[in-house]
1. So, in Å, what gap is there between the alpha-carbon centers of segment 188-247 and segment 289-337?
2. Give the angle, between 0 and 90 degrees and rounded to the nearest 10, that separates the Cα long axis of helix 172-191 from the longest principal axis of the Cα atoms of the chain.
3. Taking the mean number of other Cβ atoms within 10 Å as a proxy for protection, how do you rank 318-325, 82-89, 109-116 from highest to lowest?
4. At a 10 angstrom cut-off on C-beta neighbours, averaged per residue, how do the peptides 64-74, 235-245 rank from highest to lowest?
5. Have a look at Ala175, Leu295, Asn33 and report the one farthest towards the positive end of the charge dipole of segment 3-364, computed about the Cα centre with Cβ charges (Lys/Arg +1, Asp/Glu -1).
6. Just the number please: accessible area per residue for the chain, 1.4 Å probe, all protein chains included, in Å².
7. How large is the accessible surface of Lys24 in square angstrom, using a 1.4 angstrom probe and rounding to the nearest 10?
8. How large a share of the accessible area of the chain, in percent, is made up of carbon and sulfur atoms when the probe is 1.4 Å and the other protein chains stay in place?
Amino acid sequence: MKKSIIITGGAGFIGSHIVRLMVKKYPDYKIINLDKLTYAGNLENLKDIEGASNYSFAKMDICDFEGVLELMKREEVNGVIHLAAESHVDRSIKDPFAFAQTNVMGTLSLLQAARLYWESLPEKYEGKRFYHISTDEVYGALQLDNPAGKDGKGPYGTEFFTENTRYQPHSPYSAAKASSDHFVRAFHDTYGMPTIVTNCSNNYGPYQFPEKLIPLFINNIRKRKPLPVYGKGENVRDWLYVEDHAAAIDLIFHQGKAGETYNIGGFNEWKNIDIVKTLIKTVDRQLGRKEGEDLDLITYVADRAGHDLRYAIDASKLERELGWKPKVQFEEGIELTVKWYLENEKWMDNVTSGAYQEYYESMYGNRR
Ligand code: NAD
Ligand code: DAU
């Protein structure tokens, strides 16, 4: 059966990498990018492939159940890779309703449309796949209890999130993602829909909207603006280069087992403050400034409410069962990422103009 795949949120950060990968790697697939184009969605992210004959774009809200159902029928869709979401924790603290609407109701609307369409076909769920992209944040937070990295454990703690870790979300964003994960599994268990869920750690790389730590700080260092580090900068995140995530999604979409969950992560824990110092040195060096001369931009500000202390993913199931491992080392990934943002100032200036600027000022104006 020819593959016809809807990728939701394909104009966003991770979505644009997976759309590009699939359009280039699978010329005989039909790749349909379904995106509402919120502030975070930008078709400029896909300029290089927008003319490809196996690619099309549908401007649509995933909450538009009728529209989604109609599109699935028209395009004879047999695969869904679902990334569309409200994705920024700080925004969720300000406006939790938007997160419940898109992340929970939007996911339910997609699931229900796929169910009604696929159950109406003679072969039903055979050859079908509904793949939901989720986050490690659904598991809550881990302790910072092994700062010396003893006994071959992680550098900052002995515990890791596994696929069996109990859900304990803390932010409205992660609560909404957790709820959507439960709906996806419920559709597998109740209707037999062939679903997959993956929970991934923090991604970084080109085309990330500059409200997230790494692109925001690269932009601010470039412009010599203050760098608002929340709390003491001691929080730990596990970072993965976005193309490694896209490669994992490709592998799991094709070879993952229906009904399963896989964790995806970089085994790459960093304290925020150490990332910030690395970014400053890298930007300074790449711009021909004296390395470290912008360290005084670091500005400690009030902590994020409910700020999770540490995330760390155990991705060994994915390595054991499907042979996936991250390829890009952090040092190399950061060099590439800084280089990309510095070479794409126009992209950065475009996406941070207008409405975003007003929002940013309203959120952070008093902190800078
Ligand atoms: P993003 O914010 O960069 O992009 C989200 C995309 O979804 C945008 O193109 C936006 O226009 C679209 N969208 C939003 N609401 C929509 C709606 N109602 N209907 C249709 N489209 C809509 O997000 P991202 O960082 O690329 O994250 C993508 C997915 O991966 C999300 O589900 C997120 O929870 C998950 N995730 C992200 C990370 C990370 O580090 N960025 C890590 C793990 C999991
Ligand atoms: O773990 C996966 C998650 O990673 C994804 O599900 C989310 O969609 C994605 O946004 C990301 O969430 P985080 O909250 O970890 O990412 P963010 O870039 O917002 O923040 C990273 C860390 O940096 C976090 O501890 C908060 C801190 N931070 C962030 C910003 C934006 C600051 O200290 N200052 C800042 O200005």
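The values are calculated or read from the model by the stated rules, or taken from the named source; none is laboratory data. Not measured: the values here are computed from a predicted model. Note that we place each Cβ from the backbone using ideal geometry, even for glycine, and neighbour counts take in every protein chain shown. Remember, those area values only see protein heavy atoms, side chains included, never the ligands or the DNA or RNA. Shrake-Rupley method; radii C 1.70, N 1.55, O 1.52, S 1.80 Å.
1. About 8 Å separates the Cα centre of segment 188-247 from the one of segment 289-337.
2. 20 degrees
3. Numbers: 318-325: 14.4, 82-89: 24.1, 109-116: 21.2.
Put in order of decreasing packing, that is 82-89, 109-116, 318-325.
4. Values: 64-74: 16.5, 235-245: 23.1.
Ranking the peptides 64-74, 235-245 by packing returns 235-245, 64-74.
5. Value computed over the given set: Leu295.
6. Working: 15450 Å² over 368 residues.
For the chain, the solvent-accessible area averages 42 Å² per residue.
7. Number for this one is 130 Å².
8. Details: 7770 of 15450 Å².
Exposed carbon and sulfur together represent 50 percent of the surface.
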